[in-house]
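Contents: one structure, followed by commentary.
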Amino acid sequence: METSLPRLSRFSNLVRNVIKSPHIFKRDDDSSRTETSEEPKIRYENTYRMAPDDTIATTIVNSIMNNTILEVVVGEEEDFLDKEGRGFLCTRLSDAIRQRIKAEYFNSRFRIIVHVTIVQENATISVGSRCLWNNSTDTHTSVTVPLGDSVIVATCYMLYLE
């Protein structure tokens, strides 16, 4: 009997501490589990917008992509075509291009996907892609930047989210 009482008191203290925690799950009126926290959750109303307000100008996106590639690659060393450097440079380029396009079109509902490939100039390469496409709202653009004995090809897909 004496050994079970301390265990029970430790367990009840643990339960009390968990219940006093600010991030516990409580039941709402509709019996669904929701997390309670200090700040109220912001609820937005549906807009029921099926078409974009503005279209994305591919000429602006082309210039953003071209300028970003030149700015990022100027700071790189000449041997960026080694095996380790190519992948890292491609991810840095695609992240930088995506961030700058998002900054230009910050209030749009377009999903921006950027794909960057670095190949040597004399190499033969074929790249294919498929996706569900809405011709009236979705668009894509591609930029090719020659750089020394290599070519950087960046493709940007802009897909409208309803």
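Some observations on this one:
- If the chain linking Ala57 and Thr91 were pulled fully straight, counting 0.36 nm for each residue of separation and taking away their Cα-Cα distance, it would gain 9.8 nm.
- Seen from Lys102, the other residues with C-beta closer than 13 Å to its C-beta sum to a net charge of +2, counting Lys and Arg as +1 and Asp and Glu as -1.
- Start at zero, step by 10 Å, and the Cα-Cα distances of the stretch 72-162 spread as 14, 44, 29, 12, 0 percent across the bins.
- Contour excess over end-to-end distance, with Cα ends at Cys131 and Thr47 and 0.36 nm allotted per residue: 27.7 nm
Bear in mind that the values in this text are calculations on the coordinates, not laboratory data. These figures come from a predicted structure and were not determined experimentally. With ideal geometry, Cβ positions are generated from the backbone for all residues, glycine too; neighbour counts draw on all protein chains shown.
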